[in-house]
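The next block holds one structure in the form of structure tokens; read it before the comments.
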Amino acid sequence: MPKKDRMSGNEAVAYAIRQVNPDVMPAFPITPSTEIPQMVSTYIANGQMDTEFIPVESEHSSMSATIGAEAAGARSLTATSSCGLALMWEELLVAASNRMPCALALVNRTLSGPININCDHSDSMGARDTGWIQIYAETNQEAYDNFIQAYPIAEDKNVHLPIMVCQDGFITSHAVQNIELLDDDTVKDFAGTYEPEEWLLNPGKPVSVGPYSVSNYAMEAKKNQELAMERSKEVILKVAKNFERISGRKYGLFEEYRTEDADYIMLIMGSAAGTAKQACDDLREKGMKAGIIKLRVFRPFPAKELAEALRNCKCLAIMDRCEPYNGNGGPLSMEVCAALFKYKVNIEAVSYIYGLAGRDFTVDHVYEIFNELDDVVKNGTEAEQYRYIGLRE
């Protein structure tokens, strides 16, 4: 039977890892994800799981060991944040190109510099094109639920790609929230066991992992990765439907909140969606038709699905918690605007940057943005694109 508890996001992910009980976890500490391997190692020491924990000398080594364990046929994972993810950069691409369905618990934190330990999405957005599936959580409950769904997605025979389960540093990772936990047997049955078709330690069928690829084959390998990423959309939805049967909680590629008749929609990811929803409710009470779309899955990017969901709104705010230094807009803004153009959805769209390095994002900021969208539509005012929210002048 499910049970109610109170946990931080890091505790919730570590609890999910204990329940899934993967084979191998190499890890190196970095704030704010350090608690995850710390808690997992405590579970192991207490005999509550039999995962092989490998302390390593760096995050590059932790991902290297994760890939090696996965290639040997073991279900593997690691955890990191910020500069730790950056140090893994080379190995992220190796994991994806070798089609290793390992998992990474990423606690989002600003990439240096200047040095800062608080939340934004610059680390995961920096790795957005490495070939990993990326799923984001608004709450501690979602962080727990997303990790339970991670291996059934990644290990599906039509996918076989690594998966990054993201949550916002300190905002969810360290804050305690009410949570509903599934029982151990239910999670174990849902996650199943990893049964690879090919692995390095199979003496009956020798294989090579990570061989040099000449030009005659490399493009085909890349295309196969891309096709697997596209197929993962269907698998993510299938796994979410199966998860709903055991938990009662429903997930998709994104969540629509009060968008049925919305004139104005804010598109946002992660914990700030909760702030946006509260402001949306307040504005609805005042007569404004506001709505929120919370993007859960950034890779594969649901371009067509988002374009259809946005087709009938009048003006859109696209919220990026990352600065790409392109002078034009954040990663989410670029993806969404390309999707709107491709699928011929002709609506006004305004790009905003918010919450960098942990800067507060409040309901007042959301009111300000929706009022700006209202002004664009009703008065024809040209909104300032690529504006920082909450910036000290």
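The values are calculated or read from the model by the stated rules, or taken from the named source; none is laboratory data. This one's a predicted model, so the numbers in the text were calculated from it and none came from an experiment. Heads up, the Cβs are rebuilt from the backbone with ideal geometry, glycines too, and the neighbour counts pull from every protein chain shown.
Brief remarks on what is shown
- Among the residues of the stretch 209-219, those identified as at pLDDT below 90 and surrounded by 10 or more Cβ atoms within 10 Å (Cβ to Cβ) are Val209, Gly210.
- Qualifying residue in the stretch 200-220 (condition: aromatic (Phe, Trp, Tyr), more than 30 Å from Lys4 (Cα to Cα) and either outside the structural domain of Thr51 (by TED's automatic domain parsing) or not in a helix (DSSP H, G or I) (or both)): yes
- Whichever residue in the stretch 104-121 is more than 19 Å from Thr78 (Cα to Cα) and of a type in the set (Gly, Ala, Ser) and, among such residues, is farthest from the chain's Cα centre (by Cα): Gly113
- Extreme residue, surrounded by the most Cβ atoms within 10 Å (Cβ to Cβ), among residues of the stretch 332-353 that are in contact with an Asp or Glu (Cβ under 8 Å, 6 or more places away or on another chain) and assigned to a strand (DSSP E or B): Tyr352
- Contacts under 8 angstrom Cβ, first residue in the stretch 196-225 being without any contact (Cβ under 8 Å) to a residue 60 or more places away in the chain, partner of a type in the set (Val, Ile, Thr), 6 or more apart: Glu198/Val207
- Count - residues of the stretch 185-195 that are at pLDDT 95 or above and more than 24 Å from the chain's Cα centre (by Cα): 1
- Listed by first and then second residue, the pairs linking a residue in the stretch 1-19 that is surrounded by 21 or more Cβ atoms within 10 Å (Cβ to Cβ) to a residue that is assigned to a helix (DSSP H, G or I) and among the basic types (Lys, Arg), with Cβ atoms under 7 Å apart and 6 or more places separating them unless they lie on different chains, are Gln19/Lys188.
- Condition met for Ala154 (over 20 Å from Thr51 (Cα atoms) and surrounded by 12 or more Cβ atoms within 10 Å (Cβ to Cβ)): no
- Residues (small (Gly, Ala, Ser) and without any contact (Cβ under 8 Å) to a residue 12 or more places away in the chain) located in the stretch 83-133: Gly113
- The listed residue being among the small types (Gly, Ala, Ser), assigned to a helix (DSSP H, G or I) and either in contact with a strand residue (DSSP E or B) (Cβ under 8 Å, 6 or more places away or on another chain) or within 23 Å of Ser124 (Cβ to Cβ) (or both), out of Ala309, Ala262: Ala309
- Per-region count, the stretch 335-384, residues touching a Gly at 6+ places or on another chain (Cβ under 7 Å) and among the polar types (S, T, N, Q): 1
- Of all residues in the stretch 123-131, at least one satisfies being surrounded by fewer than 24 Cβ atoms within 10 Å (Cβ to Cβ), assigned by TED's automatic domain parsing to the domain that holds Lys241, of a type outside the set (S, T, N, Q) and in a helix (DSSP H, G or I).
- Being under 27 Å from Gln167 (Cβ atoms), touching a residue at least 24 places away in the same chain (Cβ under 8 Å) and either part of a helix (DSSP H, G or I) or touching a helix residue (DSSP H, G or I) at 6+ places or on another chain (Cβ under 9 Å) (or both) is a property that does not hold for Lys250.
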